[in-house]
1. Only one residue in 64, 58 is touching a strand residue (DSSP E or B) at 6+ places or on another chain (Cβ under 8 Å), of a type in the set (Val, Ile, Thr) and part of a loop (DSSP other than H, G, I, E, B). Which one?
2. What are the residues in segment 113-156 that are under 16 Å from residue 99 (Cα atoms) and either of a type in the set (Gly, Ala, Ser) or touching a strand residue (DSSP E or B) at 6+ places or on another chain (Cβ under 9 Å) (or both), if any?
3. Tell me which residues, restricted to segment 121-156, are at pLDDT below 90 and either part of a helix (DSSP H, G or I) or in contact with a Leu (Cβ under 6 Å, 6 or more places away or on another chain) (or both).
4. Among the residues of segment 68-83, are any in contact with a strand residue (DSSP E or B) (Cβ under 9 Å, 6 or more places away or on another chain), loosely packed, with under 12 Cβ neighbours inside 10 Å, at pLDDT 90 or above and within 30 Å of residue 122 (Cβ to Cβ)?
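The values are calculated or read from the model by the stated rules, or taken from the named source; none is laboratory data. Remember, it's a predicted structure, so these values are computed and weren't measured experimentally. Cβ sites come from the backbone with ideal geometry, for glycine too, and all protein chains shown count toward neighbours.
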Amino acid sequence: MQPTSIKLDDVWLEYPIYGAGARSLRQTIVSMATAGRLARRLDGTQQVEALKGVSLEIHEGDRIGLIGSNGAGKTSLLRLLAGAMWPSRGNVRRVGMTSSLFDVYLGMNFEASGWDNIILRGLFLGLPVREIRAHTEEIVTFSGLTREQLARPVRT
């Protein structure tokens, strides 16, 4: 099996702004001056350029950190990396299985134990129980929780 990796090559991500025509001229000028990220398509639709020309490679075992002000495109980049969005331009290549931790509680039962939730989360990701059990110790180590803590309901 090939190691997991993600490669972005000259990726752009643009969002259309619906209802932008209802803004005042002053608001539009202030937004353009402060953000500098508004663009107008040929059809007149305003766009926000969330990412412009991003290229990077992430390989299995790599760790990345994103630092930037509000509106800098951090969440947009993470959504793109997770496969939740596709670029307006450029290429994204994923090898292997990737998943997102945007919502770490997704697929969890707060009344069930941590042990049960390890199985539930794995099933939610489409893994067979045998594979989940093979990775359980690794998951426990990553969680930083003790065996006693994992025996309790997640709500505690």
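1. Result of the check over 64, 58: 64.
2. Once the filter is applied, which keeps residues that are under 16 Å from residue 99 (Cα atoms) and either of a type in the set (Gly, Ala, Ser) or touching a strand residue (DSSP E or B) at 6+ places or on another chain (Cβ under 9 Å) (or both), segment 113-156 yields 122, 126.
3. 121, 122, 123, 124, 142, 143
4. Within segment 68-83, none of the residues are in contact with a strand residue (DSSP E or B) (Cβ under 9 Å, 6 or more places away or on another chain), loosely packed, with under 12 Cβ neighbours inside 10 Å, at pLDDT 90 or above and within 30 Å of residue 122 (Cβ to Cβ).
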